[in-house]
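Here's the structure we're looking at; comments come further down.
The values are calculated or read from the model by the stated rules, or taken from the named source; none is laboratory data. Everything numeric here is computed off the predicted structure, so don't read it as measured data. Cβ placement follows ideal geometry from the backbone for every residue including glycine, while neighbour counts extend to all protein chains displayed.
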Amino acid sequence: MSLPPAPTDAGNAPDHPRRSQFALLRQRRFLPFFLTQFGGAFNDNLFKNALLVLLVSGTVAGERVDTLVNLAAGLFVLPFFLFSPLAGQLADKYEKARMIRWIKLAEIMIMVLAALAFQMQAWGPLLALLFAMGTHSAFFGPLKYAIIPQHLHARELVAGNAQVGMGTFVAILLGTIGGTLLAGRPDPAAGIGVAVVLVALLGWFASRKIPAAPAAAPELRLDWNPLREWLALYRQTVPRRTVFMAIIGISWFWALGASYLTQMPHFAISVLGGTPPVIALLLSAFVVGVAAGGWLCAWLSDARIRVGLVALGAIGLSLFGGDLSCAAATVATERQPLGPLALAEHLPILRVLTDILLLGLSGGLYVVPLYAYVQAHTEPDRRARVIAFNNILNALFMVAASVLGVLLLGLGELGIPRFFLALALLNAGMTALLFARAPEFLQGLMALQPRRR
């Protein structure tokens, strides 16, 4: 089923948008925002991964490493639970472009302090600043997805979300690799400090060009109690069955993606017998797949929100996840390290690489229409709060995915190939739930038609 373009509040968007989805990157109403959100995602991961690498590289006393690493992971996620309800209210109450600029100024201050803390090897303050960056991201998240419908026409929502999704995953990958490489240098503190401050400054300069996005609910009275606001959002969203299930689907995607990405380094080394460059190759394959899936989704949608692509992507996530498990089980771990250039001689590993690429592509097909659906079918005066509710569930699902990994891989000693199979089966169950609770997605799959020329 192809939903008609839902009405949006795009004030300055053209009545007849260009056919090319990439034309948005040449327009002021989208490009500065795209660069701003790209820089934020890049800096989050650059800072976080540089800190984690330094913590585990022997810089900190061995008995404290495990505690600090787990504490760091928790400190970055915690702000989404604490501050997302307030962030959503602020994003609905005030002009969004100005709020984004204030948030980017806060990022500059955080990163200047981080640069100094890296120089002093002050691990306690660095963990506090990681919490501050998580807070920065928690406040930016509702603005990020609520501002898109204000600057884009209804028929541009899928293309805009596809490009934001592609940009986010590429930024995560580049930030992860950049932070790892900078932390591995002989004198890492200076390079990390310059990089994070420079990226924050560039993000602020880009944010200055974002067009104004008027307040959607200026009369809104703020509720400073996060639990009460979270419960209010839950009660308001659950009756909107399809929107609520779309949010559940988005949260499941982030949980599934986090599960795969978390296990990639261990999978590359212990199962494939690879070297560190192979880790980068597998991560790159997944991210390139997500980016390609987002582009393919926008191309197939032809400026319409085609919910059938969600079902198609969900089926692909289970099929290729199951095949990845089978392929991984057939790979014999070799004694000598296996570099990326040697992959051509190992067909089972090429199958693994292909499965990871297609997993990412399926994920892009799956999640982009869900974001567009939530934006298009939520009232403008409460859209940011719904996105904040989505962000809370995203964080909750990712924490649950982390616990699941500990239980199955640690206590259950399942092994990574069987863990991948478990993820594929869980995704099949989630897909069945999605079809049962929101049959529009299954009906949309049956109604998919080739893209009209």
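Do you know which of the residues in region 425-440 that are surrounded by 21 or more Cβ atoms within 10 Å (Cβ to Cβ) and closer than 16 Å to SER318 by Cα is modelled with the lowest pLDDT?
LEU434
All but one of (1) at pLDDT 85 or above; (2) over 30 Å from GLN263 (Cα atoms) hold for GLY444; state the number of the condition that does not hold.
Among (1) at pLDDT 85 or above; (2) over 30 Å from GLN263 (Cα atoms), GLY444 violates only (1).
Within region 173-189, work out how many residues are out of contact with any Phe, Trp or Tyr (no Cβ under 8 Å at 6 or more places or on another chain) and in contact (Cβ under 8 Å) with a residue 24 or more places away in the chain.
7
Can you find, within region 125-156, the residue that is farthest from ALA388 (Cα to Cα) among those that are outside any helix (DSSP H, G or I) and aliphatic (A, V, I, L, M)?
Restricting to residues being outside any helix (DSSP H, G or I) and aliphatic (A, V, I, L, M), the top hit is LEU152.
Restricting to region 82-102, give me the number of residues that are under 10 Å from THR135 (Cα atoms) and either free of Cβ contacts under 8 Å to residues at least 24 places away in the same chain or crowded, with 18+ Cβ neighbours inside 10 Å (or both).
3
Any residue at all in region 260-280 that is buried (at least 17 other Cβ atoms within 10 Å of the Cβ), under 17 Å from ALA372 (Cα atoms) and assigned by TED's automatic domain parsing to the domain that holds TYR373?
no
Tell me whether region 221-241 contains one or more residues that are surrounded by fewer than 17 Cβ atoms within 10 Å (Cβ to Cβ), touching a residue at least 24 places away in the same chain (Cβ under 8 Å) and within 30 Å of ASP302 (Cβ to Cβ).
yes
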